[in-house]
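The values are calculated or read from the model by the stated rules, or taken from the named source; none is laboratory data. No experiment lies behind these values; they were computed from the predicted model shown. Only protein heavy atoms, including side chains, enter the accessible area calculation; ligands, DNA and RNA are left aside. Shrake-Rupley method; radii C 1.70, N 1.55, O 1.52, S 1.80 Å.
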Amino acid sequence: MGLSFVSFSSGVFSVYQQPHEGFQEKNTLPTIKQKPAATSPAPGDESKSVPLPQGWRCYKSPEGCRYYVNTGSKETTWKRPSATYGTPVRPPAQRNSLPEGNINLFSSSSSFPSSSPSDVSQKPLSLVSHSLEFISQLFCIQINCVTFPLPSVTPDQPEQQLLKPNEWSYCDYFWTDKKDPQGTPSVGGFEVLLQKQLKGKQMQKEMAEFVRERIKIEDEYSKNLSKLSQSPLAAQEEGTLGEAWAQLKRSCHDEAEVHLKFSNKLQCEVEKPLLTFRDNFKKELKKYDHHIIDLRKQLASRYAGVEKARKALADRQKDLEVKTQQLDIKHMNKHEEDIKKARRKSTQAGDDLMHNVDLYNRAQSKWFEEMVTTSLELERLEVERVEMIRQNLRQYTTLRHETDMFNQSTVEPVDQLLQSVDPAKDRELWVQEHKTGDLRPVDMDI
């Protein structure tokens, strides 16, 4: 038994076992969405001068072998389709097509085999493997264990749509890693998002420190004003001016109380909410960071498993090819048994590769879902952080206006008394209280 054809489901390829004998004429290549340049029939080839059925096109592999692609059904075949029917006749199990989404395949180097279609029956598993690697190189690229589609080179290939168009959402623009121009290791897209949030957290901490310094200034200012209001300086001033001066000193005491209240409100209504939100914000970031890191580690582990399984499959294929060549030379029964054993091992290696690819795709799908969810959560946290700071700063300005109003109210009585200061009245009052007599001196008589 050999591995004779490939099919795809949900972005994961599957290699099926089929009898080896019928493979020569029925072999197929995996469907290719990215179209190579079309080729014209070779001169003198009469069979290829007849137009292809509607929907079929002819292409060449990198080694020069022709194969045919149905642009509607996405089917491919080495055998030229007959003009009497739309698709080549072959067992239903051998039909294959690519899903509309992205393909997750794996390869380190890729090319079509140098074998022509007539040689396929000798090395079906190798052909399938090399074909998969070629398609992987056409459509996909792995960057730090994550599989991405290559940019479209054909106008009819659909592009990925944004998850949240016109919103510049975090979930659409931070999938690949960011290269550092200074040559340090690249930074993951989620790490860029996380650094943005950590920077915001630091800014919030510095804002809280600023408010704390303002509170200290207000406290100190309040204490100094209260102390100044009790100063005995100019306490002997009398009259209407003395009253105005006494009121000014009382206004200093009242102003000290206003600033003390302002300081207390700043602490309760501005600084404390900033610090409380920052602590909760920090816990949320740490939780998301650990979760995404764990998923990325799992993805890297699955990718390593795929690479290991791919290498094991390549080794088994090589061993099978060597034993097949030995059989062609010696025609010994022992070698036939060795070939059967090698084929079984190749089949098992192919199954292991499919299993590891499936595990990888599941891990990547889980990472993708959590990346979307987490990035949207980071968006929400960022909006909450900005809105919370905006509200607290507005509260600061409100308290500041209130403080100014209270301060103004403390000096209004002083203004009123200053307007009523009358030096003549002060003199009258003072004379009445301190006069020593109103008889003036006269001349002495002889």
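Using the Karplus curve 6.51 cos²θ - 1.76 cosθ + 1.60 with θ = phi - 60°, what ³J(HN,Hα) values do you get for each residue of region 348-358, in whole Hz, with x for Gly and Pro?
With the stated coefficients, region 348-358 comes to 4, 5, x, 4, 4, 5, 4, 5, 5, 5, 4 Hz.
For C268, C171, give me the order by solvent-accessible area with a 1.4 Å probe, most accessible first, ignoring ligands, DNA and RNA.
Ranked from most to least accessible, the order is C268, C171.
Ordering M371, M207 by how much accessible area each has at a 1.4 Å probe, largest first, what is the list?
Ranked list, largest accessible area first: M207, M371.
Please arrange R278, R296 by accessible surface area, largest first, computed with a 1.4 Å probe and ligands excluded.
R296, R278
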